[in-house]
Structures are given as C-alpha cells and as structure tokens.
Amino acid sequence: MSLRYRTRTDAGLFLHPVVYLKQEMRMRSSLIGKIEKAKRYAQEPERITFSGLTAVFRGDNDDHKLSYAGGKWHCTCHFFSQWETCSHTMALQQILGKMLPKEALVSPMEAQPPEK
Ligand SMILES: [Zn+2]
C-alpha cells in the first residue's frame, strides 16, 4: 500500500484504499448533487426572503450605507433623512423584488393611511 492512499480517520485509524475511495466517491456524488440543487435554487429566487441586510451603494456622488432591519430601511444619504426613502433603497427594492418581505417593498409614502 502506498502512502498516498493511506488516510487517517478522525479516530486515528487508517482506512483500506478501497474503503477510502468508496467514501471519497460518495462524498463527491453528494457534493455534485448539492451543486446541481444550488443551480436549480438559483433559478427560483422566490424561495428566498431577506429578513435583514446591509449594503454599500455606490451612488453617483458618494458611497451610501444601506440597511434593512426590523422592518425598516435606512440609508445614510441626505435625501433619506428627509423622506425616509431614496433612490438607493428604491433601487434595492427593484433589484431584490420578491426576495424582500412585503413590508420592505412598501415606501413610507404608500404606507400612510389615505386622507379622507
Ligand atoms: Zn439613499
């Protein structure tokens, strides 16, 4: 038996090469299965719902720190401090779309009750 095939287990035992190769093949086919599943999942973004996030948005003039947490958006840009919404949060709402919870897609202006 060449040293190349001697593999120590967690228990400190050496595995027979055939046992080792079978185990290796099982692990590889399991990993290949996961990669294929990931490709399918990646085509179904509606499976994902962000419960919170942070991001840096490179605006035309400056970088802005964006976050969504506890059902609220925040952006460090000047416009957001006045309007509680801005082009950066709106762009992220469009990009992430179905991956955001419903309340994250509502702008503060829409959330206000209609005037009678
Ligand atoms: Zn902003």
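Results, tabulated for the structure shown:
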| read-out | value |
| --- | --- |
| Top positive-direction residue, dipole computed over segment 53-111 with Cβ charges, set Val56, Cys77, Leu96 | Leu96 |
| Linear extension gain, Leu13 paired with Asp60, 0.36 nm per residue minus alpha-carbon span | 10.9 nm |
| Histogram of C-alpha separations across segment 53-111, 10 Å bin width, % | 23, 62, 15, 0 |
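Rule-based calculations on the coordinates, nothing more; no lab input. Given the structure is predicted, the values throughout are model-derived calculations rather than measurements. When we count neighbours, we look across all protein chains shown, and the Cβ atoms used for this are built from the backbone with ideal geometry, even at glycine.
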